[in-house]
Amino acid sequence: MTDIKDSFEKAVAASKELPSKPDNETLLHLYSLYKQATEGDINADNKPGMFDFVAAAKYNAWLQIKGVTADDAMGQYIALVEQLQVK
């Protein structure tokens, strides 16, 4: 396992034990970085229905970072979790 993947897995575990719950925008950013790191670009054909607001927010957050490499997404995720641990 590479160092970035090991650090990413530790950050994923740490994200579940943050000192306080992040705001919704930050949670969406964490979600989108996680999905990009683990699955790659979003499949634009699976757009949620217009009344599924939570799924639509997640879809849009992930779509905004389309094209980011898995390693970059992992690095951004790690940095964000580290920042949230300090707050």
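The values are calculated or read from the model by the stated rules, or taken from the named source; none is laboratory data. Model, not experiment: these values are computed from the prediction. Don't worry about glycine lacking a Cβ; one is built from the backbone with ideal geometry, like all the others, and counts go over all protein chains shown.
Annotations
- Residue in segment 2-9 that is of a type in the set (S, T, N, Q), surrounded by 14 or more Cβ atoms within 10 Å (Cβ to Cβ), under 13 Å from the mean Cα position of the chain (by Cα) and part of a helix (DSSP H, G or I) present: no
- Within segment 53-87, the set of residues being exposed (fewer than 12 other Cβ atoms within 10 Å of the Cβ) and either at pLDDT below 95 or closer than 17 Å to residue 24 by Cβ (or both) comprises 53, 54, 83, 86, 87.
- Identity of the residue in segment 10-60, within 10 Å of the chain's Cα centre (by Cα) and basic (Lys, Arg), that ends up farthest from residue 82 (Cα to Cα): 58
- Residue in segment 17-37 that is part of a helix (DSSP H, G or I), modelled with pLDDT under 95 and either more than 19 Å from residue 4 (Cβ to Cβ) or not β-branched (Val, Ile, Thr) (or both) present: no
- Where a residue in segment 24-38 is within 14 Å of residue 63 (Cα to Cα) and among the hydroxyl-bearing types (Ser, Thr, Tyr) and its partner, wherever it lies, is at pLDDT 95 or above and not in a helix (DSSP H, G or I), with Cβ under 6 Å and at least six apart: 32/65
- Residues of segment 39-82 classified as free of Cβ contacts under 8 Å to residues at least 40 places away in the same chain and either outside any helix (DSSP H, G or I) or under 14 Å from residue 10 (Cα atoms) (or both), total: 16
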